[in-house]
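Peer 1: Got a structure for you, written out below as structure tokens; questions coming shortly.
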Amino acid sequence: MTIVETSLGPGGRLAALPPDWPGGYWWHWLVFVVIILIFVVVMVMAFIYMERRGLGRLQARLGPNRAGPLGILQPVADAIKVLLKEDIIPAKGDKLVHWLAPVVAFVPALMIFAVIPFQDGALLVDLNIGILYIVAISSVATVGVFMAGWASNNKFSLLGAMRDVAQVVSYEIPLVLSIAGVVLVAGSLSMNEIVEAQSVPFILLQPLGFLIFFMAACAEVNRTPFDLLEAESEIVAGFHTEYSGMKFALFYLVEYTEVLALSAIITTLFLSGWRGPLLPPFLWFLIKVVAVFFLIFWVRSTIPRLRIDQVMAFAWKCLLPLALINLFITGLEIVALPEGLPWFLILVNIAIMVVLVVLWSGFFKLGGGRVEV
Amino acid sequence: MKFERYGIGIAKGMAVTFRHLFRKPVTTQYPEERLTVSRRTRGNELIWDKERCSGCTTCAQSCPQGTIEIVTSGNGAVTAPCSQACPAGVNIPRYARFIADGKPAEAVAVIREKIPFPSVCGHVCVHPCEAKCQRAQLDEAIDIRVLKRFATEHDTGLWKVNSKVAPATGKRVAIIGSGPAGLTAAYYLAKLGHSVTVFEALPEPGGMMRVGIPDYRLSKDILRAEIEEIKDVGVEIKTNTRVDSIDRLLEQGYNAIFLAIGAHQGIRMGIEGEDSPGVMECVSFLRDVSLGREVKVGSRVAVIGGGNAAIDSARTALRLGAKEVTILYRRTQVEMPANPEEVEAALAEGVKIYFLAAPSRIISQDGELQLECIRMQLGAIDASGRRRPEPIKGSEFTMSFDNVIAAIGQRPEIPDKFGLPIGRGNTIQADPDTLATDREGIFAGGDVVTGPASVIEAIADGRQVAISIDKYLGGEGIIEETLAPPEAGATPLKKTREGWRPQISTLSLSQRLSSFAEVELGLSEEMAVKEAKRCLKCDLAYGVDKFEVDIGYCIFCGLCVEACPRNALFMGYDYERARYRRGELVMAKEDLLLSDEKQPSGYARPKVEAALPQQTLLLDRAEYLDKVKKRWDLRLPFGL
Amino acid sequence: MAIKTEPFVLNLGPVHPSTHGVFRMRTTLDGEVVVDMEPVFGYLHRGIEKLAEERTYTGVIPLTDRLDYLASMSNTLAYVLAVEKLAGITVPERAEYLRVIMAELQRIASHLIAVGAFLNDCGAFMTPILYMIREREKILDLFDMVCGQRLTYNYMRVGGVSHDIPDEFLPALDKFVNRMPGFIDEYDQLLKKNEILLVRAKGVGILPKEMAINISAGGPVLRGSGVKWDIRKADPYSVYDRFEFDIPTGTVGDCYDRYRVRIEEMRQSVRIIKQAMEQLPSGAVKSEVPHLIRPPVGEAYAHIEAPKGELGFYLVSDNSIAPYRCAIRAPSLINLTALCDMVKGWKVADAIATFGSIDICMGEVDR
């Protein structure tokens, strides 16, 4: 209880709640936990359905259309099927770790939603270090993935897990640096305040930051072209090769929960969150989340996968310098033009982004070639 | 490696996938509306048709996996389906082989073993054999009648070598009527040594062949030549001699009498005004035309009826100078008893056919006939298997003609003094096997017993009567003879020859209508040989005792199906079946689970065997129906 | 501080999403780097060469269908050419043209799968292969029209082809041939200049020109290495000498070159089909061949440019109804021999991509 009190910070954000909100923050706590759980489960199902149908259309096929009207019950059918499946633990695997891995992976993914504002002030806790909390908690999921890779006693799993750790550690840095730009502009770490600061969506003020964040986040949640840890054509299914039944379902859930969280974070940081004209704020939030998700699976449908050394090189040689430069330029702009004209800054920033991307793309070698053996 | 084009390549690719978001997806839909056009089979079930298999083992030889096991017995001497269908039992495959070998004279000898009128049959036979031809399952039936005609046209008289006439027995037989039945009986009885006298009421012998079949189908010379051959074995024909009483014949010393007087009396329509001048009856009309008597028809002629006689009357009327000939039939084209080929020819010559119309009254007015008709509709199916026409009340209409020819049927005209029991349709009742009547020594056959039928049935009756009479007269009743030389080296068919039946050349329309010249021109030698080679040699089939396919080893390559010369093997149309069933959802999952044949793995195989024959026919049938449709693509009058 | 490491062995296959059948790559890995690779195959061995000795000359045709099941038409074509050579059987003109049309359609179908599978191995999640299967489906429909089958066609016969084409075939083929170049352009737009594909495929899995010749590689693998060698031009069989077409070649011999060569070959195949349709004569499609063929004592070798390389049949006859010996020169197997040298020193992902770019069919490798 004390933890909750401290995390609320001085003054708390409860004052921002609607005046007729029933009860104190315990009620608030309970209601939002339920809301978040329902939101996550429903949205994950919706995402699975959208991705499968959308990918189908992008790939000139229909996608699942048998279960329920237009196949809308397909995720439900999938869930039932996967829950009924036999749970297999490899004979020489580490049983406890094998069992624990999906839980360890799932909990942090869920915890991210604690600080996502669905609309103004409507969030579980408006931490004043909200974005920092997200960065910290999202890395924990990697531990679960690595546990899975280790406990399976399978070479494919281990390869996948090793790749994941290397990748996540590398991409944390550009990720945080690109967030720093946003934080500088917004002047707050609180998610709700970042949204409130976005009279102009930060995607316009921080185009390069958005680009870096989007790529780094894709790598964080292992989406194409950085889906190396479960690269189907190479290492079968990566870390969850040996998982089945409910545990596999949890990993599946983790994957989509992370994507959902990513979409929500991008919406909050760069797309002005719940803000928008005419429609209710929550709807705006949802629309933007779905739009980001569409972009993610649209990318997935089109482009091939990078190689592990190329992925690492991309992080260190491309994203990291660019993120540093972005942070530097943002700092300069804040110092030079504290009350600067947003439209001027937008044009300048887009120009800077184009120049930097063009420069950088011809600048470095991506990954190594053949190794003499 | 560098990002050479700053991500433009990725952007282009994403544009392509984005475009597909708005396109119709294609890959996952099974094309339900499309059926394969391939004539070849496919699927994973092999079906063997016992009826068609001749036991030639070609399939077993061609199977790469050796899955087909076939055990046969006998050396191949069965009666082919066509021979079975022939009332006279002509050995058709055998003479087809002779024709294929370029020996038409031997072929005629084979035909002569069963019928004394090969030329007549070659021209006008209704060929029930072709309906049973196994080749029709493959593509089209063999044109057996035309082959027979070709053989007779190229005859050298070889059959006479083996034709023997038995020594005289001293018995006398009187045959009343010189139609196909009478003359056939006369021919065989004379060959058995009896003294035969044929009495013919008309001035020329031949019966219906002479006076019922118009010249454009069968010329007089051909018939005359055939009758000469019969006379040559010692048959005496007395023309212009009408027999009114059989008792007087018996008094004259005839030991046996065969009544083969045919059905020469037209049935009356039974409507008002039937006796008006200008109304004719088709039998007498055709008879008068055939015998060269003067018959006058106006420019507009109506023919009532849908049989062959109606078509003959209509075409004859055209040749006599009628400008417009209309056939009125009370049913539809499907029920029409006339030969489809004849109907086609009539239509080609410009005859109009009105279906579902029946006359109800004839009014003679100002020298022309007002034919009052009523429209019909088809009701329930009657005893003949056809739908009974029923008049539609108030649908009367009137058409005017110069002549009306009634051709609604014929019946025998039996003099009262015969003293024989008369059956349905004014026919004489006779024992169906021996054709003997109730009176001793009196036999009857042909149309007078069966009602109006075909030449070949009359010939069959004639043969039967010859056997019966000979037995009655103390003989053994053996009329079988071997005229053709033995066949050397006939082997079952191993490979099907491609090809459809030939297009028989006919006279041009203008030539047809200006005279009674024969319309059909017959085959060239090359065409005949080619056509005869299409024969599947069903008579050489082996008895198949065992036919087994080890489906476990079968790879469904279809080589056996392709090799089979008689189309006795099919592959199950699995894809097609799926297509047909998709809409109906016949095989629900529950049905599968309830099936008796539970498999070890827990799911059951559906029972599909029962549905297979129908399924395998589906493609063939669709094709067949299409063909029939083209053939019957008639303009329906009255807006039907 | 040196980390103590040791290489570990990873069995890629025989049950693996990217081994195109039941192939096993016994790779030794140092981290992600392939230090050694040993191809293990034979899981799909059916003894087709031996089986052929017990079957009639016609009866072998369905077996050859099952060699490279993605290019059945080409296999049967090579086989019947060998039998015709052995028995001295001539083929009607129309059948020759039909054979060319079918073989080129089959080449397009096979290359579509090859390219699609290669791109899938590179990680393009199903999209390119699904687009390509869409067009392959049209080819299968065309084959379905002529022979009622969609995979093992069993269409070629000694002395011609089994059936003449139905009336619907030529209009459908015309439609397909006119639309196909547009589809190939679409594939190019999708991934030809995709930066990720470029970094994944360019310079990866290089097969040097000399080595390609030394291992007697064939087909796109050889031409990708820059060798202008095509049996259709070098030793024209059937009526290929009557058509105009180019031989596309690569420069370096990397995965990207092989991918480009296949795409260009599809364009050339469309060109050949167009010419063959124009020249298609009428007449018989099969010469008179006895039910059981008894070639004179002797031997014959016939080879064709199959989609995967030079496919040859060597037949020995002892004047019986079955071949005394039937040896198959399978292009997939020969091309596969270079795999180990091509992937050594590359990463696991490159090994998979290189393997995909060789385009093998296990039915043909193991026979």
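Peer 1: Looking at the stretch C:340-361 only, could you name the residues that are within 17 Å of the chain's Cα centre (by Cα) and part of a helix (DSSP H, G or I)?
Peer 2: C:354, C:355, C:356, C:357, C:358
Peer 1: For the stretch C:113-132, check the following and say yes or no: at least one residue is facing another protein chain (nearest Cβ under 10 Å) and β-branched (Val, Ile, Thr).
Peer 2: Yes: one or more hits.
Peer 1: Now a separate question. Considering every residue within the stretch C:186-199, establish whether at least one is surrounded by 21 or more Cβ atoms within 10 Å (Cβ to Cβ), within 23 Å of residue C:350 (Cβ to Cβ) and of a type in the set (Lys, Arg).
Peer 2: There is no residue in the stretch C:186-199 that is surrounded by 21 or more Cβ atoms within 10 Å (Cβ to Cβ), within 23 Å of residue C:350 (Cβ to Cβ) and of a type in the set (Lys, Arg).
Peer 1: Moving on to the next point. Within the stretch A:294-336, which residues are in contact with a Phe, Trp or Tyr (Cβ under 9 Å, 6 or more places away or on another chain), among the charged types (D, E, K, R) and farther than 16 Å from residue A:222 by Cβ?
Peer 2: If the condition is that a residue be in contact with a Phe, Trp or Tyr (Cβ under 9 Å, 6 or more places away or on another chain), among the charged types (D, E, K, R) and farther than 16 Å from residue A:222 by Cβ, then A:317 is the only one that fits.
Peer 1: Something else about it: Taking interchain pairs and intrachain pairs at least six residues apart, which have beta carbon atoms under 6 angstrom, with the first residue in the stretch B:358-378 and within 10 Å of residue B:330 (Cα to Cα) and open to solvent by less than 70 Å² (accessible area, probe 1.4 Å) and the second part of a strand (DSSP E or B) and among the hydroxyl-bearing types (Ser, Thr, Tyr)?
Peer 2: Cβ pairs passing all conditions: B:374/B:360.
Peer 1: For the stretch B:153-167, does any single residue satisfy the condition of being at pLDDT 85 or above, open to solvent by 20 Å² or more (accessible area, probe 1.4 Å) and either within 31 Å of the chain's Cα centre (by Cα) or within 27 Å of residue B:95 (Cβ to Cβ) (or both)?
Peer 2: Looking for residues that are at pLDDT 85 or above, open to solvent by 20 Å² or more (accessible area, probe 1.4 Å) and either within 31 Å of the chain's Cα centre (by Cα) or within 27 Å of residue B:95 (Cβ to Cβ) (or both), one finds at least one in the stretch B:153-167, hence yes.
Peer 1: A follow-up question, please. I need a count of the residues in the stretch A:257-302 that are among the aromatic types (Phe, Trp, Tyr) and under 14 Å from residue A:48 (Cα atoms).
Peer 2: 4
Peer 1: Which numbered condition trips up residue A:226, out of (1) under 29 Å from residue A:291 (Cβ atoms); (2) touching a Pro at 6+ places or on another chain (Cβ under 7 Å); (3) not aliphatic (A, V, I, L, M)?
Peer 2: The number of the failed condition is (2).
Peer 1: Look at the stretch C:6-25 and say how many of its residues are open to solvent by 40 Å² or more (accessible area, probe 1.4 Å) and within 12 Å of chain A (Cβ to nearest Cβ).
Peer 2: Residues flagged as open to solvent by 40 Å² or more (accessible area, probe 1.4 Å) and within 12 Å of chain A (Cβ to nearest Cβ) within the stretch C:6-25 amount to 7.
Peer 1: Can residue B:175 be described as among the hydrophobic types (A, V, I, L, M, F, W, C), under 27 Å from the mean Cα position of the chain (by Cα), at pLDDT 85 or above and within 30 Å of residue B:309 (Cα to Cα)?
Peer 2: It is false that residue B:175 is among the hydrophobic types (A, V, I, L, M, F, W, C), under 27 Å from the mean Cα position of the chain (by Cα), at pLDDT 85 or above and within 30 Å of residue B:309 (Cα to Cα).
Peer 1: Just the residues that are in contact with a Pro (Cβ under 9 Å, 6 or more places away or on another chain), touching a residue at least 24 places away in the same chain (Cβ under 8 Å) and either closer than 30 Å to residue C:67 by Cα or more than 11 Å from chain A (Cβ to nearest Cβ) (or both), please, taken from the stretch C:26-43.
Peer 2: Once the filter is applied, which keeps residues that are in contact with a Pro (Cβ under 9 Å, 6 or more places away or on another chain), touching a residue at least 24 places away in the same chain (Cβ under 8 Å) and either closer than 30 Å to residue C:67 by Cα or more than 11 Å from chain A (Cβ to nearest Cβ) (or both), the stretch C:26-43 yields C:36, C:40, C:41, C:43.
Peer 1: Residues in the stretch B:477-498: is at least one within 25 Å of residue B:171 (Cα to Cα) and surrounded by 19 or more Cβ atoms within 10 Å (Cβ to Cβ)?
Peer 2: Within the stretch B:477-498, one or more residues are within 25 Å of residue B:171 (Cα to Cα) and surrounded by 19 or more Cβ atoms within 10 Å (Cβ to Cβ).
Peer 1: Determine which member of the set C:288, C:364, C:264 is open to solvent by 10 Å² or more (accessible area, probe 1.4 Å) and either closer than 20 Å to residue C:48 by Cα or in a helix (DSSP H, G or I) (or both).
Peer 2: So the residue among C:288, C:364, C:264 that is open to solvent by 10 Å² or more (accessible area, probe 1.4 Å) and either closer than 20 Å to residue C:48 by Cα or in a helix (DSSP H, G or I) (or both) is C:264.
Peer 1: Restricting to helices (runs of 4 or more DSSP H) lying wholly in the stretch C:168-223: which have 3 or more residues that are within 8 Å of another protein chain (Cβ to nearest Cβ)?
Peer 2: Fully inside the stretch C:168-223 and qualifying: C:169-191, C:195-201.
Peer 1: Continuing with the same structure: Just for helices (runs of 4 or more DSSP H) wholly inside the stretch A:290-373: which have at least 3 residues that are modelled with pLDDT under 80 and over 30 Å from residue B:18 (Cα atoms)?
Peer 2: Filter on the stretch A:290-373 gives A:342-361.
Peer 1: If the requirement is being polar (S, T, N, Q) and assigned to a helix (DSSP H, G or I), which of these qualifies: C:238, C:320, C:282, C:269?
Peer 2: C:269
Peer 1: Same structure again: So which pairs qualify, if the first residue must be in the stretch A:205-228 and at positive phi, the second must be among the aliphatic types (A, V, I, L, M), the Cβ gap must be under 6 Å, and the two must be at least 6 apart or on different chains?
Peer 2: Qualifying pairs under 6 Å: A:222/A:229.
Peer 1: Have a look at A:233, A:188 and point out the one that is open to solvent by less than 40 Å² (accessible area, probe 1.4 Å), of a type in the set (Ser, Thr, Tyr) and either within 21 Å of residue B:10 (Cβ to Cβ) or within 14 Å of another protein chain (Cβ to nearest Cβ) (or both).
Peer 2: Checking each option against the conditions leaves just A:233.
Peer 1: Looking at the stretch C:51-67, is at least one residue charged (D, E, K, R), away from chain B (no Cβ under 14 Å) and open to solvent by 50 Å² or more (accessible area, probe 1.4 Å)?
Peer 2: no
Peer 1: Any chance you could count how many residues in the stretch A:33-51 are buried (at least 19 other Cβ atoms within 10 Å of the Cβ) and more than 14 Å from residue A:299 (Cα to Cα)?
Peer 2: Number of matching residues: 8.
The values are calculated or read from the model by the stated rules, or taken from the named source; none is laboratory data. What you see is a predicted model, and the numbers here were worked out from it, not measured in a lab. With ideal geometry, Cβ positions are generated from the backbone for all residues, glycine too; neighbour counts draw on all protein chains shown. SASA here: full protein model, heavy atoms, side chains in, ligands and nucleic acids out. Shrake-Rupley method; radii C 1.70, N 1.55, O 1.52, S 1.80 Å.
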